[in-house]
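First comes the structure, then the notes that go with it.
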Amino acid sequence: MTPYLSAAQVPCEARRSADVVPASAEVADALGVEEGSPVVQRRRRYLDEDGVIALSTSWLPKELGEAAPELTSTGPLPKMTFGLIEDRTGRRAVKRRDVVSLRSVPEDVAPLLALEAGTLALTMANTYWDQYGQVTEYARDFMGLTRELAADYDLE
């Protein structure tokens, strides 16, 4: 089994998309906006020689996409999302919450993971808050089948 790799370690990042989309109920709840409100969605699929490592999707409030238009382009960002947001808006990420869970693979995600819709997959959701207590980004990663999720922390 190949372990989960961070974006910096992935040998091949295959597919990217970025657009303004209507917020699903899950995304609206996480971002504190009305369901159906326009939000920025960025999606990346990470591959290696064994197949799909992960499908990572991030959602941000639309006004952040207006302040940082790179968020709606498919190209790589000049720095991590929260760094770009801080540079453009002064809103600094100060808190992150990770939730690991098993989720059924949604129909729109299934082809990108090479799995059947409804298959249980390991996921991790991340929520980032700024210094004002407002959510700046919500993300959910669906791990490829047989992939592990690992995190290392410095405790000093």
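The values are calculated or read from the model by the stated rules, or taken from the named source; none is laboratory data. Everything numeric here is computed off the predicted structure, so don't read it as measured data. Reconstructed Cβ throughout: ideal geometry from the backbone, glycine too, with neighbour counts over all protein chains shown.
Of all residues in segment 92-131, those that are in contact (Cβ under 8 Å) with a residue 24 or more places away in the chain, of a type in the set (S, T, Y) and under 13 Å from L145 (Cβ atoms) total 1. On inspection, E116 does not qualify as modelled with pLDDT under 95 and either out of contact with any Ser or Thr (no Cβ under 6 Å at 6 or more places or on another chain) or crowded, with 16+ Cβ neighbours inside 10 Å (or both).
Okay, residues lined up against (1) aliphatic (A, V, I, L, M); (2) under 17 Å from the mean Cα position of the chain (by Cα):
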| site | (1), (2) |
| --- | --- |
| A54 | yes, yes |
| W59 | no, yes |
| A67 | yes, no |
| T74 | no, yes |
| E86 | no, no |
| V105 | yes, yes |
| L112 | yes, yes |
| T119 | no, no |
| Y132 | no, no |
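K95 satisfies every condition listed in (1) of a type in the set (K, R); (2) assigned to a strand (DSSP E or B); (3) surrounded by 16 or more Cβ atoms within 10 Å (Cβ to Cβ) except (3). Among the residues of segment 32-91, write down those that are in contact (Cβ under 8 Å) with a residue 40 or more places away in the chain, buried (at least 17 other Cβ atoms within 10 Å of the Cβ) and part of a loop (DSSP other than H, G, I, E, B). Listed by number, the list holds a single entry, R91.
Among residues that are at pLDDT 95 or above, in contact with a helix residue (DSSP H, G or I) (Cβ under 9 Å, 6 or more places away or on another chain) and more than 15 Å from V135 (Cα to Cα), E70 is not included. Residues in segment 119-151 that are more than 17 Å from E26 (Cα to Cα), among the polar types (S, T, N, Q) and surrounded by 12 or more Cβ atoms within 10 Å (Cβ to Cβ): T119, Q131.
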